[in-house]
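Enquirer: Take a look at this one; I'll ask things after.
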Amino acid sequence: MMSLTKVSLSEIVRQQYVYKLKAFIQVFMSLVFVQIIAILFSQGGSGMMGSGGGLIDLEVHYYSADVVVAFTMLWGFITAILITTKAYRNDDFIFVTNRISSNLSNMLFLLTASVIGGITSMMSTYLVKIIIALFKGDHFINSSAASAPSVGLFFGICATILYIFLFCSLGYLVGTVVQLSRVFAFALPVVFVGGLFFDGMRGQAGIIESLFTFFFMENSFVLFIFKILFTVCLSFSAAFILSNRMEVKP
C-alpha cells in the first residue's frame, strides 16, 4: 500500500538541518578547542612597534582577534570537508532524502557554523585583552582602542562570518571532489604548495597572492560582499553538481 503523504523539499531540508545541529554537536566542541588554542597564540600580539633613546625603551604591542579568526576559518574549511565524507553522508539516509536536500541542509548547517564561529571569534578579542590585563601587569591597554565602536564591531562580525562561510564553501567543494576520486586528496595539496613555491621562485605576485589580494584587500564593503557571495554560490553549485555523480546508497 502506497502512502499518500507528500513531504515537501523544504520540510525534508528543515528536518535534516535540525538533526545535523544536534548530531554534529562535536563540531562546535572542536570550535571551542580551536579558539582556545588560538587565544593562547594571540598572547604574543598580532603586531608590534618599538623605539628607544637614552634611558627609555618603548614597545607597543597590538592585540586583536586576527589569529582566532584565522584559526576559525581553517576550522570551517576542515569541518566542511569532514561532512562530505561517507560516514557523515550516510546519516542522511535515516530520512527520505536525495542529493539536493542533503546538500542544502549541509549548506545551512555550515552557514550556522559560520555565524557562530564569526561571532565568537570576533568577541574573543575582549577575552584576549582581559587576559593581558590580568596576567601581564606591565602592559597598559588603551581603553579607547580596547572598546571598538558598535558599528565597526558589527561590520567586523559580518565580514568574519562571510570569510568563514567562504572557507566552508571551498572546503565543501574540495571534500566533494576528493569523494569522487581519492587521487585529488594528494593532488590538491601538491598543487597548492607548488603554487606557493612557484610564486616564491618568481619573486612576483602569483595566483595565490592575487587571490589573497582579491578577497582580503577589498576596500568597498559592498563589493566585498558581492565577491564572497558570488564565490560561495559558485563553490556550492559546483559541489552540488559533482555530488550527483556519487553512487546512490541502495
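Enquirer: Among the residues in the stretch 71-87, are any at pLDDT 65 or above, assigned to a helix (DSSP H, G or I) and over 30 Å from Ala159 (Cβ atoms)? Before the answer, list the steps.
Expert: Within the stretch 71-87, the first condition is being at pLDDT 65 or above, and the residues that meet it are 71-87.
From what's left, assigned to a helix (DSSP H, G or I): 71-82, 86-87.
Remaining after also requiring over 30 Å from Ala159 (Cβ atoms): 86-87.
Within the stretch 71-87, one or more residues are at pLDDT 65 or above, assigned to a helix (DSSP H, G or I) and over 30 Å from Ala159 (Cβ atoms).
Enquirer: Ok, one more. Condition first: modelled with pLDDT of 85 or more and either open to solvent by 40 Å² or more (accessible area, probe 1.4 Å) or among the aliphatic types (A, V, I, L, M) (or both). Can you find one or more residues in the stretch 58-66 that meet it?
Expert: Yes, there is a match, as at least one residue in the stretch 58-66 is modelled with pLDDT of 85 or more and either open to solvent by 40 Å² or more (accessible area, probe 1.4 Å) or among the aliphatic types (A, V, I, L, M) (or both).
The values are calculated or read from the model by the stated rules, or taken from the named source; none is laboratory data. Small disclaimer: the values here were computed from a predicted structure and weren't measured. No Cβ is skipped: glycine too gets one built from the backbone with ideal geometry, and neighbour counts run over all protein chains shown. These accessible areas exclude ligands, DNA and RNA; they are computed on the full protein's heavy atoms, side chains included. Shrake-Rupley method; radii C 1.70, N 1.55, O 1.52, S 1.80 Å.
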